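What follows is one structure encoded as structure tokens, with my remarks underneath.
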Amino acid sequence: MPKVALYNMNAQQVGEIELSDAIFGVEVNKEAMHQVVKMQLANKRQGTQSALTRAEVSGGGIKPWRQKGTGRARQGSIRAPQWTHGGVVFAPKPRDYSYTVPKKIKRLALKSALSSKVQENQIIVLDELKLDVPKTKVIAEMLEKFNACKTLIVVKDSDEVLYKSVRNIEGAHILPVNNLNVYDILKYEKFIITKDAASKVEEVYA
């Protein structure tokens, strides 16, 4: 089992914690992570882009000049694609870009992403992360002590106080375990997780 240091909010080591091999110690599968990140980005696309084809552009109903004898190229409509203000060839239309990958691939990708953070020594486990009132300064000072500029913070459950404390810090993002995903794990350099959240991850994904 991978053994990592356990810290408090002052960046002081207060012990060690063993993480599950089945979650934080698997062989990293880059192909699975690539598939899942690609799927997440595709699913975020709105797909609302649209342009007009020559059939949808107004005007152009009359032939601009006769077929022969003018010395110019034959034309059938001033709304053909080669004309200014003409229609678009193969115009993009609203569509749904979303798709899914098998559940086993998603789980493997998540485990690979978590394991990569352990292997690269980019994971920080906190014994507790709790505030009574929103205090951005407290979280900012904590991240500075850990030298964690671009950081994903994972907590056990949604916490509005912590969310309000983190949301204005540039480069920091907070998620509950239920919203943990491969893209966010890989997007941020450091991965800070509470001891309770780590236990919940092991319980859910083991």
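The values are calculated or read from the model by the stated rules, or taken from the named source; none is laboratory data. Remember, it's a predicted structure, so these values are computed and weren't measured experimentally. Neighbour counts are summed over all protein chains in view; Cβ atoms, including those assigned to glycine, are modelled from backbone coordinates with ideal geometry. What goes into the accessible areas is simple: the full protein's heavy atoms, side chains included, and nothing from ligands, DNA or RNA. Shrake-Rupley method; radii C 1.70, N 1.55, O 1.52, S 1.80 Å.
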Residues of the range 178-206 satisfying the condition of being farther than 21 Å from P134 by Cβ and among the aliphatic types (A, V, I, L, M) | L180, V182, I185, L186, A198, V201, V204, A206
Of the numbered conditions (1) out of contact with any Leu (no Cβ under 7 Å at 6 or more places or on another chain); (2) at pLDDT below 95; (3) aliphatic (A, V, I, L, M); (4) surrounded by 10 or more Cβ atoms within 10 Å (Cβ to Cβ), I17 satisfies every one except a single condition; which is it?
-> (1)
Give, as residue ranges, the strands (runs of 3 or more DSSP E) completely inside the range 144-206 that count at least 1 residues that are within 18 Å of the chain's Cα centre (by Cα), of a type outside the set (K, R) and over 22 Å from D21 (Cβ atoms).
-> 151-155, 172-176
Within the range 37-48, is there a residue that is at pLDDT 90 or above and under 20 Å from V118 (Cα atoms)?
-> yes
Checking S112 against (1) surrounded by fewer than 17 Cβ atoms within 10 Å (Cβ to Cβ); (2) in contact with a Lys or Arg (Cβ under 9 Å, 6 or more places away or on another chain); (3) closer than 30 Å to D21 by Cβ, which test does it fail?
-> (1)
Do we have D96 as among the charged types (D, E, K, R) and open to solvent by 70 Å² or more (accessible area, probe 1.4 Å) here?
-> yes
Complete set of residues in the range 142-175 that are more than 18 Å from K200 (Cβ to Cβ), surrounded by 14 or more Cβ atoms within 10 Å (Cβ to Cβ) and not small (G, A, S) | M142, L143, F146, C149, T151, K164, V166, I169, H173
Could you tell me which of the residues V36, V101, V133 is β-branched (V, I, T), surrounded by fewer than 17 Cβ atoms within 10 Å (Cβ to Cβ), out of contact with any Leu (no Cβ under 7 Å at 6 or more places or on another chain) and in contact (Cβ under 8 Å) with a residue 40 or more places away in the chain?
-> V101
Hey, any hits in the range 50-68 for a residue that's surrounded by 13 or more Cβ atoms within 10 Å (Cβ to Cβ), free of Cβ contacts under 8 Å to residues at least 12 places away in the same chain and among the charged types (D, E, K, R)?
-> no
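Yes/no matrix, rows are residues, columns are (1) touching a Ser or Thr at 6+ places or on another chain (Cβ under 7 Å); (2) among the small types (G, A, S); (3) more than 21 Å from I153 (Cβ to Cβ):
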residue	(1), (2), (3)
P2	no, no, no
E16	no, no, no
D21	no, no, yes
Q40	no, no, no
A55	no, yes, yes
I62	no, no, yes
Check on K68, more than 24 Å from the chain's Cα centre (by Cα) and among the basic types (K, R) | yes
